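The values are calculated or read from the model by the stated rules, or taken from the named source; none is laboratory data. All of these numbers come straight from a predicted model, not from anything done at the bench. With ideal geometry, Cβ positions are generated from the backbone for all residues, glycine too; neighbour counts draw on all protein chains shown.
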Amino acid sequence: MVQDGAEPFGLGSICEVWGEPYHPEDDNPVFDFVVATPRPGRVRGATGYDLHVEHSLADAADADLVCLIPKRDYREPSPEVVELVRAAHDRGAQVFAHCTAAFILGEAGLLDGRRATTHWRHVDELAARHPEADIDGNVLYVQDGPVVTGAGSAAGLDAALHVMRQHFGARVAATTARRMVVPPHRDGGQAQFIARPVPVCESEALAPLLAWISANLAEDLDVETLARQVHMSGRTFARRFKEETGTTPYSWILGERVRAAQELLEQTDHSIDWVAAEVGFGNAATLRHHFGRARGVSPQEYRRTFRTPA
């Protein structure tokens with residue numbers, strides 16, 4: 001399902017999985033696949049290209065699977081598309097929204113009481129618009145009943161392959177993935193891809209301390225040690241820290257250590273034990289535990305994905 005402003009990668013990923021012509025060497029199913037739009041004819045793309053779409057929404061009225069392609073002005077979905085999605089769900093069809101197309105599901109009332117995801121940059125907005133939904137910004141895709149939502153860009157492939165695996169089995173999904181030269185399943189979620197800037201603190205009292213912490217992550221940074229740095233009692237310091245940063249000293253330091261570990265994993269070839277000691281985790285097991293909880297993958301997997309050559 002496309003609308004004016006359609007994002008090319010989202011459309012391409014769905015076409016590649018479901019609309020690719022039959023490959024005899026694959027021995028995979030062939031799908032009755034159409035690209036539909038509210039007003040057939042010229043459909044504007046998001047990056048200076050146009051599509052010619054022949055099929056109307058009527059051609060998708062009895063589809064078993066309705067895939068929604070994100071569009072640039074995602075806050076303004078076509079009312080006809082919203083209605084078709086609602087009707088598809090009501091008659092028992094599966095609905096898959098890629099990236100910001102999840103906002104269409106929200107407009108159709110299909111996110112309330114459901115777990116869902118979208119691109120990490122838009123998670124907070126989707127959650128604010130639909131407080132009755134459980135929006136998870138750390139995963140590549142989510143299925144809750146007949147509703148599937150995928151995170152941004154390449155995660156559309158992950159979600160589409162998940163749907164294919166669910167309906168046609170692991171062999172069909174793996175064969176499709178092999179043809180596209182992608183893994184049939186990626187470990188971890190989008191937490192590993194989220195850009196996290198260094199937190200900014202405007203407190204005159206705490207800003208120098210936070211800079212000192214970031215430069216001394218390998219030290220023993222307990223509350224009493226930090227309180228002495230700013231000439232406060234431990235209790236007063238913990239209270240002031242929570243007021244100024246919105247979190248506890250432990251959680252803030254943990255986040256900084258994970259962030260520093262990311263940089264070292266990307267930029268060095270040192271061992272995981274060395275990285276763990278350098279950022280204050282002490283040993284590889286502790287680093288693996290906290291890094292996995294925060295980023296959804298192990299330090300080794302993160303390094304394989306993001307290591308920057310010297």
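Screening LEU111 on (1) without any contact (Cβ under 8 Å) to a residue 40 or more places away in the chain; (2) of a type outside the set (Val, Ile, Thr); (3) more than 22 Å from TYR141 (Cα to Cα) shows it passes everything except condition (3). Scanning segment 1-16 for residues that are part of a loop (DSSP other than H, G, I, E, B) and closer than 7 Å to ILE69 by Cβ returns MET1, VAL2, GLU7.
The criterion of at least 1 residues that are at pLDDT 95 or above and of a type in the set (Gly, Ala, Ser) is met, among strands (runs of 3 or more DSSP E) falling completely within segment 63-155, by 94-98.
May I ask you to verify whether ALA276 is hydrophobic (A, V, I, L, M, F, W, C) and without any contact (Cβ under 8 Å) to a residue 24 or more places away in the chain? Break it down stepwise before answering.
Values: hydrophobic (A, V, I, L, M, F, W, C): yes; without any contact (Cβ under 8 Å) to a residue 24 or more places away in the chain: yes.
Yes; evaluated as a whole, the condition is true for this residue.
Restricting attention to segment 11-29, which residues are free of Cβ contacts under 8 Å to residues at least 40 places away in the same chain and either in contact with a Lys or Arg (Cβ under 8 Å, 6 or more places away or on another chain) or farther than 24 Å from ALA97 by Cβ (or both)? Result: PRO21, TYR22, PRO24, GLU25. Residues in segment 199-217 that are closer than 17 Å to SER251 by Cβ, modelled with pLDDT of 65 or more and not polar (S, T, N, Q): LEU206, LEU209, LEU210, ILE213, LEU217. Among the residues examined, ALA58 does not qualify as of a type in the set (Gly, Ala, Ser), in the same structural domain as VAL147 (by TED's automatic domain parsing) and crowded, with 18+ Cβ neighbours inside 10 Å. Does GLY137 meet the test of being assigned by TED's automatic domain parsing to the domain that holds GLY92 and more than 23 Å from LEU11 (Cα to Cα)? For GLY137, the condition - assigned by TED's automatic domain parsing to the domain that holds GLY92 and more than 23 Å from LEU11 (Cα to Cα) - is not met. Of the set (1) surrounded by 20 or more Cβ atoms within 10 Å (Cβ to Cβ); (2) in a loop (DSSP other than H, G, I, E, B), all apply to ALA276 but (2). Considering the conditions (1) assigned to a helix (DSSP H, G or I); (2) more than 28 Å from GLU132 (Cα to Cα), GLY48 is excluded by exactly one of them, (1).
Considering only residues that are of a type outside the set (Lys, Arg), within 16 Å of CYS15 (Cα to Cα) and either surrounded by fewer than 23 Cβ atoms within 10 Å (Cβ to Cβ) or touching a residue at least 60 places away in the same chain (Cβ under 8 Å) (or both), which ones fall in segment 65-100? I'd like the intermediate steps shown before the answer.
Filtering segment 65-100 for residues of a type outside the set (Lys, Arg) gives 65-70, 73-74, 76-85, 87-90, 92-100.
Then keep just the ones that are within 16 Å of CYS15 (Cα to Cα); that gives 65-70, 95-99.
Within segment 65-100, LEU65, VAL66, CYS67, LEU68, ILE69, PRO70, PHE96, HIS98, CYS99 qualify.
Can you say whether ARG196 is surrounded by fewer than 20 Cβ atoms within 10 Å (Cβ to Cβ), modelled with pLDDT under 95, under 17 Å from the mean Cα position of the chain (by Cα) and not in a loop (DSSP other than H, G, I, E, B), as far as the supplied structure shows? In short, no.
Quick grid of which residues meet (1) among the hydrophobic types (A, V, I, L, M, F, W, C); (2) in contact with a Cys (Cβ under 9 Å, 6 or more places away or on another chain); (3) loosely packed, with under 13 Cβ neighbours inside 10 Å; (4) not in a helix (DSSP H, G or I):
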site	(1), (2), (3), (4)
LEU226	yes, no, no, no
HIS231	no, no, yes, yes
ALA238	yes, no, no, no
LEU254	yes, no, no, no
VAL297	yes, no, no, yes
ARG303	no, no, no, no
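Just one of the numbered conditions (1) buried (at least 19 other Cβ atoms within 10 Å of the Cβ); (2) hydrophobic (A, V, I, L, M, F, W, C); (3) out of contact with any strand residue (DSSP E or B) (no Cβ under 8 Å at 6 or more places or on another chain) is not true of PHE33: (1). Residues satisfying the criterion are present in segment 44-62 (criterion: among the aromatic types (Phe, Trp, Tyr) and either without any contact (Cβ under 8 Å) to a residue 12 or more places away in the chain or over 25 Å from ALA174 (Cβ atoms) (or both)).
Could you check segment 133-160 and list, in sequence order, the residues that are hydroxyl-bearing (Ser, Thr, Tyr) and free of Cβ contacts under 8 Å to residues at least 40 places away in the same chain?
From segment 133-160, those hydroxyl-bearing (Ser, Thr, Tyr) are 141, 149, 153; that's our starting set.
If the condition is that a residue be hydroxyl-bearing (Ser, Thr, Tyr) and free of Cβ contacts under 8 Å to residues at least 40 places away in the same chain, then TYR141 is the only one that fits.
Within the span defined as segment 150-168, every residue fails to be loosely packed, with under 15 Cβ neighbours inside 10 Å and of a type in the set (Gly, Ala, Ser).
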